[in-house]
Every structure is written in structure tokens, then in C-alpha cells.
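Structure, as C-alpha cells:
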Amino acid sequence: MIASVGLVLPVLPVAAGLVDTKVLTHVLMAGLVVKFVLILLVGFSVISWAIIFLKVRLFRGIDRNQAEFAKAFAEGKGLTALYEQAQKAEKSPLTEVFRAGYVEITRIQRERGEAPTGGHAASFPVDNIVRAMQKTSHEQVESLESYLPFLATTGSTTPFIGLFGTVWGIMNAFSGIGATGSASLATVAPGIAEALVATAAGLAAAIPSVIAYNYFLNRIRTVHTRIDSFTAEFINFLERKIEKV
């Protein structure tokens with residue numbers, strides 16, 4: 001029995017040393033200011049990841065719905081059939097822009113007392129339709145850009161917030177050195193490690209936010225380009241119909 005106790009006792013200091021090096025231990029031992037900084041950074045990170053998952057899901061749906069609608073338009077379906085498909089499908093920037101153009105066509109026809117053509121365009125000012133579609137296009141792009149400023153803010157500010165926590169922690173560490181009069185590595189290292197946790201947390205919050213912000217901006221540019229191309233195709237379609245009237 002005594003021998004077994006003797007085998008365990010030498011291991012305990014090593015295990016304790018391993019526990020002291022864990023990040024959680026440094027967080028718990030940090031001062032109030034550093035803990036507040038870490039809580040703030042965790043909040044930024046949680047909100048940023050929520051926005052990232054939301055946008056990823058949104059763009060997946062947009063890609064799927066726009067591909068289906070673009071295929072239907074390329075097949076030469078009539079405007080009424082396309083409008084019915086757009087009404088039934090999940091909303092996407094492309095279908096919303098098409099709806100704006102179709103509604104403008106029907107409004108002009110109604111004001112002129114013309115019956116809906118069901119896929120054939122009467123002679124009317126195309127510029128009105130272009131302006132209606134462009135207005136909706138800008139609104140859709142603006143909607144896609146929602147919450148992205150938060151990602152940009154997170155990417156640009158959290159490293160500095162973490163650096164502030166680190167500087168504050170190092171100041172406290174040196175204050176402790178001055179109070180104890182000891183500057184050995186065993187005295188300095190724990191305080192420095194606690195302070196550096198804030199910098200690591202700031203970078204952990206900033207890096208994904210910057211990557212996601214740039215990625216989503218590129219996706220929005222792609223969607224915007226696709227909308228502009230569709231608008232041009234739609235107007236060409238109307239002008240061809242007008243020439244036949």
C-alpha cells in the first residue's frame with residue numbers, strides 16, 4: 001500500500017504543471033479587465049459565426065433558385081408562365097428583378113387599357129422597365145450586403161481589442177514583479193501567458209470574419225453581374241417582341 005502511494009506522489013507535480021498551462025486556466029487567472037475583453041471578443045465571434053452560417057445558407061438557396069429560373073427563361077417560356085414560376089419559387093434576386101419588370105409591363109398595359117399579352121409585349125417605353133428592374137436590383141444587392149459591415153468591423157477591431165487586453169495584462173504582470181521584487185521566469189511567465197490569451201482570442205475572432213467578408217463580397221458581385229446580364233437579356237427579349245408587333 002505504501003509503495004503504491006510512493007509511485008503516485010512524484011507524478012502529481014507534473015500533472016499540476018500540465019493543468020497550469022491550459023488556456024482555460026490562464027483565462028480564469030486573468031484580471032477583471034482581461035476577462036471583460038475576452039467576453040467581448042467571444043460575443044463578437046459568436047455573432048460573426050451566426051452571420052456566416054446565415055449567409056452561406058442564403059447564397060446556397062440563391063444559387064439553386066436562380067439556376068432553375070434562368071433555365072426556364074432560356075427555354076423561351078412566356079412572361080406569364082415565368083411570372084407564375086417566380087411566384088411559386090423561393091425569392092431570389094433574379095426572380096425579384098424579373099417580377100419588377102413584369103409588374104411594370106402590366107402596369108403600363110393597364111394604364112393604356114390593353115389586355116395582358118401573356119408572353120407578348122406591346123409597344124411601350126422600355127426605359128420604364130429598365131428603371132424598375134434596376135431599382136429592384138439595387139434593393140436586392142443592398143439586402144445581400146446586410147450584416148456584412150459587422151463582419152468588417154469584427155475583422156478590423158477585434159485584434160486591437162485583444163491587444164488592449166494583452167497590454168493591460170502585461171502591465172499587471174510587471175506591477176506584480178515590482179511588488180514582489182522577483183523577476184524570475186517562473187514569476188513573469190504566468191502573467192505574460194494570461195495576457196497573450198487576449199491577443200489570441202482577438203485573432204481567432206478576426207481571421208474568420210475577414211475571410212468571410214471578402215468571400216461574401218465576391219459572391220454579391222457575382223450575383224449582381226448575373227442580374228445585370230439577365231436584365232439585358234430580358235430587355236432584348238422585349239425589344240424583339242416589340243419589333244414583331
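The values are calculated or read from the model by the stated rules, or taken from the named source; none is laboratory data. On a predicted model such as this, the values are computed, not experimentally measured, just so you know. Virtual Cβ from ideal backbone geometry, glycine too; neighbours counted across all protein chains shown. Just so you know, the surface numbers come from the protein's heavy atoms only, side chains and all, with ligands and any DNA or RNA stripped out. Shrake-Rupley method; radii C 1.70, N 1.55, O 1.52, S 1.80 Å.
Picking from residues in the stretch 92-116 that are at pLDDT below 85 and either within 28 Å of T222 (Cβ to Cβ) or out of contact with any helix residue (DSSP H, G or I) (no Cβ under 7 Å at 6 or more places or on another chain) (or both), the one that is most open to solvent (accessible area, probe 1.4 Å) is R110. Only one of the numbered conditions (1) surrounded by 14 or more Cβ atoms within 10 Å (Cβ to Cβ); (2) more than 22 Å from the chain's Cα centre (by Cα) is violated by Q87, and that is (1).
Limited to the stretch 39-59, what total is found for residues that are among the small types (G, A, S) and surrounded by fewer than 19 Cβ atoms within 10 Å (Cβ to Cβ)? Matching residues across the stretch 39-59 total 2.
For the residues G119, G155, G191, G176, the requirement of being at pLDDT 90 or above and not β-branched (V, I, T) singles out G155. Picking from residues in the stretch 60-79 that are charged (D, E, K, R) and either assigned to a helix (DSSP H, G or I) or touching a strand residue (DSSP E or B) at 6+ places or on another chain (Cβ under 8 Å) (or both), the one that is most open to solvent (accessible area, probe 1.4 Å) is R60.
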